[in-house]
Amino acid sequence: MAERDDAHITVRDLTIAYGDFVVMRDLDFTVRRGDIFIIMGASGSGKSTLLRNMIGLNEPTAGEVLYDGQSFTRAEPEVRQQMLQRFGVMYQGGALFSSMTLAENVALPLGEYTRLSEAEIREIAFLKLALVGLKGFEDFFPAEISGGMWKRAGIARAMALDPDILFFDEPSAGLDPISSRQLDDLILELRASLGATIVVVTHELPSIFAIATNSVFLDIETKTIIAQGLPQDMLEPGADPKVRRFLTRGEDEQPARSTHG
Amino acid sequence: MAEAALKRGDMAVSRTGDGTLVVRLRGAWTLGTGIPPVADVERALLATPKPTRIVFDLADLGAWDSGLVSFVARVGELAAERKIPLDAATLPDGLRRLLVLAARVPGQKGVRPAGPPPSRLARIGLLALAAWAEILAMLEFLGQITLAFGRLLRGKARFRARDFWLLVQQTGADALPIVTLISFLVGTIFAFVGAVQLEKFGATIYVADLVGIAIVREMGAVMTAIVMAGRTGAAFAAQLGTMKVTQEVDALTTMGFSALDFLVLPRLLALCLMMPLLCLYADALGVLGGALIGVTMLKLPPATYFQQTFHAVALSDLGGGVLKASVYGVLVALSGCLRGLQSGSSSSAVGDAATSAVVTGIVLIVCACGMFAVVFYILGI
């Protein structure tokens, strides 16, 4: 794949595995600066595992991940640490620290990586929480808020250091349609206002069509990427039927099933 | 039909002239009433000459549910193995659809690792390999902790002071009631057992020596450590295990925090600092427990008892005990944190981690206790 000037994240010949069990192989794609990049695929296809490999929680078996042309996979621990500070990650379950209030959760990385005073940190934490619509909940503990609020608080914490890249692991999983829609809107707004590159792992079709500017489709059978690009283009005739079936909730398959069923 | 519905299901297998196997089902075929075994049909299927096809006669069939479906599916499988066609035409419509549904997705091959279970010898080998991997993991953890400790001394380790003070409270003050109970009782038990023996020689005053030396040198530290392994070690494993399940450990890592610095170091330090204090407290309570027996049962004057205790117990005994307590504290914290961080991502894995933390903690304490005994003996302390 040709290197582009605006390439922000480059994944090169990545093979990911758990022990001997290969999850995905030969993954090759580029995320451009400012993209909302969707990693999609069926449950169990290794979407979240790919994300874990991209942010260094798992080590790939082969290949590498580059940020701004600099290898993350092969970086020394200290360099990696610095690169990590430019990432914000929102985990599937929010992963809020249950012993800290929402404000303290957001303030944790701020206290560590900035030279701000305590009052300033608190102010910024309040601002980030206000941005995700959690004004007034600053001193609540995670156990005292609802599931949708957990996710928002997770986003606020991911944004704490104004990262270049935001990673979202299944942001709308377990949310009702309205909350899910509001989360999509929030992601779009964040991209517009922060100018961050956003990588989202999801299989929620409405979200995919609403926010994606680019995507890859992981196929569980061939264990690699079978489609790349704008999800809308994957619906065109001539696109991979497997991807079309996924993006149409299997509607394409319906006539075929009735003939042999 | 009405009476047939109430009767327990049974069947009759017969063959017609053209080799058709007719399975006649009668009565209720439900999970509640019980389903006859498939063996009769199987025998008829195996008979020579081979039946040409199977037909179900359901004229007298009463109520049916999944019990019948599973029976017919099993017969279908057996028939398919022997390549005998099954005539589904007489089956109820709903049942036929359920059979189609069950057969739609063929069994996935290669989902489970194939091959027979390993032989006894191979299992012993696998156990040995697992044990070796376990030892390596522990040593690696110890090495990482040492590095983290180095970072702490250079002022580079990062954790929240508030977390640390909270842990100090949890592992220190909050543990006082149970430590009080256990060490006081151990003191009285020692005194009681000693008194029965020493009374025969009229040397009851030496109960004070016995209790003082045993508690201060060994039992104060060991009993406190065992209590803390069960109380605090398990709690550490459960806390860290849950943090792994909820991805909080991952979140720390991607924020650039070392989970070792942030989670393990404060726990290690808190226990390492609190254990000597708890041990001193346990020593005092143990001696007090001994004194209770000495004064009430043996009628020794309290002043004499304490005088005798101070006379018997050397400062080196006390120092040795406190040193041991500190080491046991490190062991309890290490095993709790190690098991917590090793925990898998499920609720049962967290339970296993807590159990394993207590077992590992106690094993390490006992091993360390033995080593201290040898070292102190050689050094003559």
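The values are calculated or read from the model by the stated rules, or taken from the named source; none is laboratory data. Just so it is clear, the structure is predicted and the values come from calculations on it, not from any experiment. With ideal geometry, Cβ positions are generated from the backbone for all residues, glycine too; neighbour counts draw on all protein chains shown.
Observations on the model:
- Residue match in region A:74-89 (condition: within 13 Å of chain B (Cβ to nearest Cβ), part of a loop (DSSP other than H, G, I, E, B) and either surrounded by 22 or more Cβ atoms within 10 Å (Cβ to Cβ) or aromatic (F, W, Y) (or both)): no
- Some residue of region B:329-349 being without any contact (Cβ under 8 Å) to a residue 40 or more places away in the chain, in a helix (DSSP H, G or I) and not acidic (D, E): yes
- Candidate set: region A:108-125, residues that are of a type in the set (G, A, S) and touching a helix residue (DSSP H, G or I) at 6+ places or on another chain (Cβ under 9 Å); chosen: the one nearest to the other protein chains (Cβ to nearest Cβ): A:G111
- Where a residue in region B:112-134 is assigned by TED's automatic domain parsing to the domain that holds B:L338 and its partner, wherever it lies, is modelled with pLDDT of 90 or more, with Cβ under 8 Å and at least six apart: none
- A:I208 being among the β-branched types (V, I, T), closer than 20 Å to A:A95 by Cβ and touching a Pro at 6+ places or on another chain (Cβ under 9 Å): no
- Listed by position, the helices (runs of 4 or more DSSP H) contained in region B:232-323 that have at least 3 residues being under 30 Å from the mean Cα position of the chain (by Cα) and within 14 Å of chain A (Cβ to nearest Cβ) are B:234-245, B:248-254.
- One residue stands out among those in region A:54-64 that are within 24 Å of A:Y113 (Cα to Cα) and buried (at least 19 other Cβ atoms within 10 Å of the Cβ): the one that is farthest from the other protein chains (Cβ to nearest Cβ), which is A:M54.
- If you go through region A:91-107 and keep only what is aliphatic (A, V, I, L, M), buried (at least 24 other Cβ atoms within 10 Å of the Cβ) and within 10 Å of chain B (Cβ to nearest Cβ), you end up with A:A95, A:L96.
- Matching residues, region B:8-36, being farther than 20 Å from B:L91 by Cβ and either assigned to a loop (DSSP other than H, G, I, E, B) or at pLDDT 80 or above (or both): B:G17, B:D18, B:G19, B:G32, B:G34
- Unmet criterion (only one of (1) over 26 Å from the mean Cα position of the chain (by Cα); (2) in a helix (DSSP H, G or I); (3) surrounded by 13 or more Cβ atoms within 10 Å (Cβ to Cβ)) for B:A157: (2)
- Test: A:N58 is part of a helix (DSSP H, G or I) and of a type outside the set (A, V, I, L, M, F, W, C): no
- Odd one out for A:D169 among (1) in contact (Cβ under 8 Å) with a residue 40 or more places away in the chain; (2) away from chain B (no Cβ under 12 Å); (3) acidic (D, E); (4) under 22 Å from A:H203 (Cα atoms): (2)
- Among (1) away from chain A (no Cβ under 14 Å); (2) at pLDDT 95 or above, the one test that B:V207 misses: (2)
- All positions within region A:179-198 that are more than 14 Å from A:A212 (Cβ to Cβ) and not charged (D, E, K, R): A:S179, A:S180, A:Q182, A:L183, A:L186, A:L190, A:A192, A:S193, A:L194, A:G195, A:A196
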